[in-house]
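Asks: Here it is: the structure, laid out below.
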Amino acid sequence: MDHPWLTAPAADVAQTARNLLGWEVTANGVRIRLTEVEAYAGTGVDPASHAHRGPTPRTKIMFGPAGHAYTYFVFGMHWCLNVVCGGEGEAAAVLLRAGEVVDGLDLASRRRGEVPDRDLARGPARLVVALDIDATANATSMLDGTGPLLLTPPTRPVAPSAVSAGPRVGVAAAHDVPWRFWITGDPTVSPYRRHAPRRRT
């Protein structure tokens, strides 16, 4: 599948993130329509990015190829899922923050427990649990069907006028950069929590 906007320059990662709204990601019997995403650029330009200081064994996947999955573990308990984008050798990725389960509702509910449907994938960790994804998805293609994830064009395209933008969540650096994008008014979008720096005693 050819999605040239995924390979746009890493500097255009914010627009790439906007473009991903409404797209659908499928894995292990569950399909989710993306309603909230968050953009991260690369080396030397985005201090909130894992790739800010260059490639490491963990972040080398952020340098390409585009359309592959970048998974990582946070807080010792949660997996997060990103789509790698940008030209080969340029680091950029879009965090999949939230979505609406549009197929496989029963499966997602079993994985997430007794929660309202709108909360099944309402947040990056919840989205990953609903899809039943972990480290084994890292560095696999999300476009050609060879990996556990498949990213497909929207059945309901999102109009630019329906997109909101605001600060990113849960990052200590560059948290006020308005690179979090969501479908305005959608109930599956995660609640915003402003970064609160730790106080030194």
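Asks: Where the second residue is surrounded by fewer than 14 Cβ atoms within 10 Å (Cβ to Cβ) and the first is in contact (Cβ under 8 Å) with a residue 60 or more places away in the chain and lies in the stretch 100-125, which pairs have Cβ atoms under 7 Å and are six or more apart or on separate chains?
Replies: Within 7 Å, the pairs are 104/29; 107/29; 118/187.
Asks: Okay, next question. Got a number for residues in the stretch 147-163 being touching a strand residue (DSSP E or B) at 6+ places or on another chain (Cβ under 9 Å) and over 27 Å from residue 106 (Cβ atoms)? Spell out how you get there, then give the answer.
Replies: Pass one, the stretch 147-163, residues touching a strand residue (DSSP E or B) at 6+ places or on another chain (Cβ under 9 Å): 147-156, 158, 162-163.
Narrowing further to those that are over 27 Å from residue 106 (Cβ atoms): 162-163.
Residues meeting the conditions: 2.
Asks: Tally the residues that are within 30 Å of residue 44 (Cβ to Cβ) and not aliphatic (A, V, I, L, M), restricting the search to the stretch 144-191. Write out each step before concluding.
Replies: Start the filter on the stretch 144-191 by keeping residues that are within 30 Å of residue 44 (Cβ to Cβ), which leaves 147, 149, 151, 160, 163-182, 190.
From what is left, the residues that are not aliphatic (A, V, I, L, M) are 147, 160, 164, 166-168, 170, 175-176, 178-182, 190.
The total comes to 15.
Asks: Would you confirm whether or not the stretch 70-86 contains a residue that is part of a loop (DSSP other than H, G, I, E, B), out of contact with any Asp or Glu (no Cβ under 9 Å at 6 or more places or on another chain) and either crowded, with 19+ Cβ neighbours inside 10 Å or not aromatic (Phe, Trp, Tyr) (or both)? Let's see the steps before the verdict.
Replies: Of the stretch 70-86, the ones part of a loop (DSSP other than H, G, I, E, B) are 75-77, 85-86.
When the remaining residues are screened for being out of contact with any Asp or Glu (no Cβ under 9 Å at 6 or more places or on another chain), the result is 75-77.
Restricting the remaining residues to those that are either crowded, with 19+ Cβ neighbours inside 10 Å or not aromatic (Phe, Trp, Tyr) (or both) gives 76-77.
Yes: one or more hits.
Asks: Provide a single number: the residues in the stretch 18-62 that are under 19 Å from residue 178 (Cα atoms) and of a type in the set (Ser, Thr, Tyr).
Replies: 4
Asks: Can you tell me which residue within the stretch 130-146, out of those that are closer than 17 Å to residue 107 by Cβ and surrounded by fewer than 20 Cβ atoms within 10 Å (Cβ to Cβ), is modelled with the lowest pLDDT? Full working, then the answer.
Replies: Taking the stretch 130-146 first, the residues closer than 17 Å to residue 107 by Cβ are 130-134, 137.
Then drop every residue that is not surrounded by fewer than 20 Cβ atoms within 10 Å (Cβ to Cβ), which leaves 132, 134.
Details: 132: 97, 134: 92.
Here the answer is 134.
Asks: Going by what's in this entry, would residue 165 be described as part of a strand (DSSP E or B) and surrounded by fewer than 20 Cβ atoms within 10 Å (Cβ to Cβ)? Give the derivation first.
Replies: Values: part of a strand (DSSP E or B): yes; surrounded by fewer than 20 Cβ atoms within 10 Å (Cβ to Cβ): yes.
Considered against the rule, which asks whether it is part of a strand (DSSP E or B) and surrounded by fewer than 20 Cβ atoms within 10 Å (Cβ to Cβ), residue 165 comes out as yes.
Asks: Kindly indicate the residue of the stretch 167-201 that is among the small types (Gly, Ala, Ser) and at negative phi and also modelled with the highest pLDDT among those meeting that condition.
Replies: Restricting attention to the stretch 167-201, the residues satisfying the condition of being among the small types (Gly, Ala, Ser) are 170, 172-174, 185, 190, 196.
Restricting the remaining residues to those that are at negative phi gives 172-173, 190, 196.
Working: 172: 67, 173: 70, 190: 93, 196: 57.
Step by step, filter the stretch 167-201, then rank; the result is 190.
Asks: Select from the stretch 1-22 the residues that are closer than 12 Å to residue 66 by Cα and part of a helix (DSSP H, G or I) and write down the one among them that is modelled with the highest pLDDT.
Replies: Among residues in the stretch 1-22 that are closer than 12 Å to residue 66 by Cα and part of a helix (DSSP H, G or I), the one modelled with the highest pLDDT is 16.
Asks: How many residues are of a type outside the set (S, T, N, Q), crowded, with 19+ Cβ neighbours inside 10 Å and either assigned to a strand (DSSP E or B) or out of contact with any Phe, Trp or Tyr (no Cβ under 8 Å at 6 or more places or on another chain) (or both) if we restrict to the stretch 34-66?
Replies: Of the residues in the stretch 34-66, 10 are of a type outside the set (S, T, N, Q), crowded, with 19+ Cβ neighbours inside 10 Å and either assigned to a strand (DSSP E or B) or out of contact with any Phe, Trp or Tyr (no Cβ under 8 Å at 6 or more places or on another chain) (or both).
Asks: Is there a residue in the stretch 100-109 that is assigned to a helix (DSSP H, G or I), in contact with a Lys or Arg (Cβ under 8 Å, 6 or more places away or on another chain) and under 18 Å from residue 29 (Cβ atoms)? Before the answer, list the steps.
Replies: First pass over the stretch 100-109, keeping only residues assigned to a helix (DSSP H, G or I): 105-109.
With in contact with a Lys or Arg (Cβ under 8 Å, 6 or more places away or on another chain) added as a condition, the list becomes none.
No - not one qualifying residue is present in the stretch 100-109.
Asks: Could you run through the stretch 131-173 and say how many residues are hydroxyl-bearing (Ser, Thr, Tyr), over 22 Å from residue 183 (Cα atoms) and without any contact (Cβ under 8 Å) to a residue 24 or more places away in the chain?
Replies: Taking the stretch 131-173 first, the residues hydroxyl-bearing (Ser, Thr, Tyr) are 136, 140-141, 146, 152, 155, 161, 164.
From what's left, over 22 Å from residue 183 (Cα atoms): 136, 140-141, 146.
Now drop any that are not without any contact (Cβ under 8 Å) to a residue 24 or more places away in the chain, which leaves 136, 146.
The qualifying residues number 2.
Asks: Ok, one more. Could you list, ordered by first residue, the pairs with Cβ atoms under 6 Å in which the first is in the stretch 38-65 and within 18 Å of residue 80 (Cα to Cα) and the second is among the aromatic types (Phe, Trp, Tyr) and modelled with pLDDT of 90 or more, at least 6 apart or interchain?
Replies: Listed pairs, sorted by first residue: 39/179; 49/40; 61/70; 62/70.
Asks: Being crowded, with 21+ Cβ neighbours inside 10 Å and at pLDDT 95 or above is true for just one of 92, 121. Which residue is that?
Replies: Details: 92 fails: at pLDDT 95 or above.
Going through 92, 121 in turn, just one is crowded, with 21+ Cβ neighbours inside 10 Å and at pLDDT 95 or above: 121.
The values are calculated or read from the model by the stated rules, or taken from the named source; none is laboratory data. A quick note: this is a predicted structure, and the numbers were derived from the prediction, not measured. Reconstructed Cβ throughout: ideal geometry from the backbone, glycine too, with neighbour counts over all protein chains shown.
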